[in-house]
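Enquirer: To start, I am sharing the structure in question, which I have written as structure tokens.
The values are calculated or read from the model by the stated rules, or taken from the named source; none is laboratory data. Values in this document were obtained by computation on a predicted structure and should not be read as measured data. All Cβ positions, glycine included, derive from the backbone under ideal geometry; neighbour counts span all protein chains shown. Quick note on the areas: whole protein, heavy atoms, side chains included, nothing else; ligands and nucleic acids left out. Shrake-Rupley method; radii C 1.70, N 1.55, O 1.52, S 1.80 Å.
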Amino acid sequence: MQPTDIAPRDRLIVALDLPGVGPAEAMIARLGDSVTFYKIGYQLAYAGGLPLVRQLASMGKKVFADLKLHDIGNTVARGVESVASLGATFLTVHAYPQTMKAAVEARAGSGLKILAVTVLTSYDDGDLHAAGYRLGVADLVEARAQQAQVLGVDGLVCSPEEAAALRKIVGHRMDLVTPGIRPAGSATGDQKRIMTPAKAIAAGADYLVVGRPVLEAADPRAAADAIVAEIAQSVG
Ligand code: C5P
């Protein structure tokens with residue numbers, strides 16, 4: 001993706017980390033046209049939120065289904081076809097070669113893009129070692145990014161700190177999507193490796209995933225607008 005191809009507002013993905021369809025619909029109504037792209041993850045999806053993908057798509061919004069699929073190839077492929085039929089724009093899978101290959105083949109002909117999660121940002125070298133891996137985080141992220149690219153995966157989810165290094169590896173052929181975004185002055189919460197919207201864009205991110213700084217703001221719409229303004233300044 002060329003950095004200037006995406007409008008600043010379309011680079012903000014608001015994570016609908018809410019306990020049910022009612023609160024999610026209320027937040028979507030409140031945000032109105034200030035947000036064009038939403039992420040639905042485990043919490044909302046498992047609380048009856050998957051039909052919102054189709055609903056949001058019919059409203060002209062884009063949806064990132066953050067379902068982090070990983071199973072035998074056939075099961076992944078059938079799951080990807082179902083998510084594609086809902087009208088989602090992005091779907092995450094874990095970056096295992098068999099899983100990525102099945103997902104890429106199954107999304108062919110649909111508007112769905114597959115994003116690979118290289119290494120979860122809550123993992124450090126010790127966690128990988130405990131899980132039986134030889135490589136540390138940096139090496140495994142790099143190896144998986146390269147595999148993802150070879151297999152035709154459309155993009156990567158990464159921490160903003162990893163974005164610059166990954167951009168060098170994958171060039172502009174893949175979308176880089178970064179959570180861990182905190183506008184200056186907002187609460188960090190449990191995120192450890194954070195960046196401001198402007199810095200993340202400057203580091204090479206195409207899309208920023210933001211949850212609590214928008215959802216918990218006194219005025220969520222103003223918070224979203226402020227992030228979009230910061231993105232616009234950063235892309236020039
Ligand atoms: O509230 P906050 O802005 O921290 O939300 C970030 C969103 O991005 C959450 O939905 C979280 O699950 C997701 N995410 C993340 N780190 C990753 C992958 C996804 O924070 N590595």
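Enquirer: Which count do you get for residues in segment 210-221 that are open to solvent by less than 40 Å² (accessible area, probe 1.4 Å) and touching a Ser or Thr at 6+ places or on another chain (Cβ under 7 Å)?
Expert: The qualifying residues number 1.
Enquirer: Hey, Arg11 hits all of (1) buried (at least 17 other Cβ atoms within 10 Å of the Cβ); (2) of a type in the set (Lys, Arg); (3) farther than 16 Å from Leu176 by Cα but one; which does it fall short on?
Expert: Here Arg11 clears every test but (3).
Enquirer: Could you please let me know if Leu31 is in contact (Cβ under 8 Å) with a residue 24 or more places away in the chain, assigned to a strand (DSSP E or B) and not aromatic (Phe, Trp, Tyr)?
Expert: no
Enquirer: To continue, here is another question. Can you tell me which of Val177, Val210, Val170, Val153 is among the β-branched types (Val, Ile, Thr), under 21 Å from Val117 (Cα atoms) and out of contact with any helix residue (DSSP H, G or I) (no Cβ under 7 Å at 6 or more places or on another chain)?
Expert: Residue meeting the stated conditions: Val177.
Enquirer: Please tell me if Val76 is away from the ligand (no atom under 13 Å from the Cβ), of a type in the set (Val, Ile, Thr) and either part of a loop (DSSP other than H, G, I, E, B) or closer than 26 Å to Leu120 by Cβ (or both).
Expert: So Val76 fits the description; yes.
Enquirer: Residues of segment 122-138 being open to solvent by 70 Å² or more (accessible area, probe 1.4 Å) and modelled with pLDDT under 95, which ones?
Expert: Of everything in segment 122-138, those that are open to solvent by 70 Å² or more (accessible area, probe 1.4 Å) and modelled with pLDDT under 95 turn out to be Ser122, Tyr123, Asp124, Asp125, Ala138.
Enquirer: A further question on this structure: Could you pull out every one of the helices (runs of 4 or more DSSP H) wholly within segment 102-185 that has 3 or more residues that are within 14 Å of the ligand (Cβ to nearest atom) and under 19 Å from Leu12 (Cα atoms)?
Expert: Answer list for segment 102-185: 160-170.
Enquirer: Would you mind finding the one in Ala224, Ala232, Ala203 that is more than 27 Å from Ala103 (Cα to Cα), in contact (Cβ under 8 Å) with a residue 12 or more places away in the chain and either surrounded by fewer than 16 Cβ atoms within 10 Å (Cβ to Cβ) or away from the ligand (no atom under 16 Å from the Cβ) (or both)?
Expert: Values: Ala224 fails: either surrounded by fewer than 16 Cβ atoms within 10 Å (Cβ to Cβ) or away from the ligand (no atom under 16 Å from the Cβ) (or both); Ala203 fails: either surrounded by fewer than 16 Cβ atoms within 10 Å (Cβ to Cβ) or away from the ligand (no atom under 16 Å from the Cβ) (or both).
Going through Ala224, Ala232, Ala203 in turn, the sole match is Ala232.
Enquirer: So which residues in segment 186-200 are free of Cβ contacts under 8 Å to residues at least 24 places away in the same chain and either on the phi > 0 side of the Ramachandran plot or open to solvent by 70 Å² or more (accessible area, probe 1.4 Å) (or both), if there are any at all?
Expert: Gly189, Asp190
Enquirer: Return only the number of the condition from (1) open to solvent by less than 10 Å² (accessible area, probe 1.4 Å); (2) within 16 Å of the ligand (Cβ to nearest atom); (3) not polar (S, T, N, Q) that Ala45 does not satisfy.
Expert: (1)
Enquirer: Same structure again: Return yes or no: is Val209 of a type in the set (A, V, I, L, M, F, W, C) and within 12 Å of the ligand (Cβ to nearest atom)? Walk me through how you get there before you give the answer.
Expert: Details: of a type in the set (A, V, I, L, M, F, W, C): yes; within 12 Å of the ligand (Cβ to nearest atom): yes.
Here the answer is yes, as Val209 does meet what is asked.
Enquirer: Shifting gears a bit: I'm checking my understanding of the structure. Among residues of segment 105-121 that are among the aliphatic types (A, V, I, L, M) and modelled with pLDDT of 95 or more, which one is farthest from Thr89 (Cα to Cα)? Quick ask: steps written out before the conclusion?
Expert: Within segment 105-121, the first condition is being among the aliphatic types (A, V, I, L, M), and the residues that meet it are 106, 108, 112, 114-117, 119-120.
In the following step, the residues that additionally are modelled with pLDDT of 95 or more were identified as 106, 108, 112, 114-117.
Values: Ala106: 14, Ala108: 13, Leu112: 5, Ile114: 9, Leu115: 10, Ala116: 14, Val117: 16 Å.
The extreme case among them is Val117.
Enquirer: For Leu56, work out the one condition from (1) in a helix (DSSP H, G or I); (2) open to solvent by 60 Å² or more (accessible area, probe 1.4 Å) it doesn't fulfil.
Expert: For Leu56, the failing item is (2).
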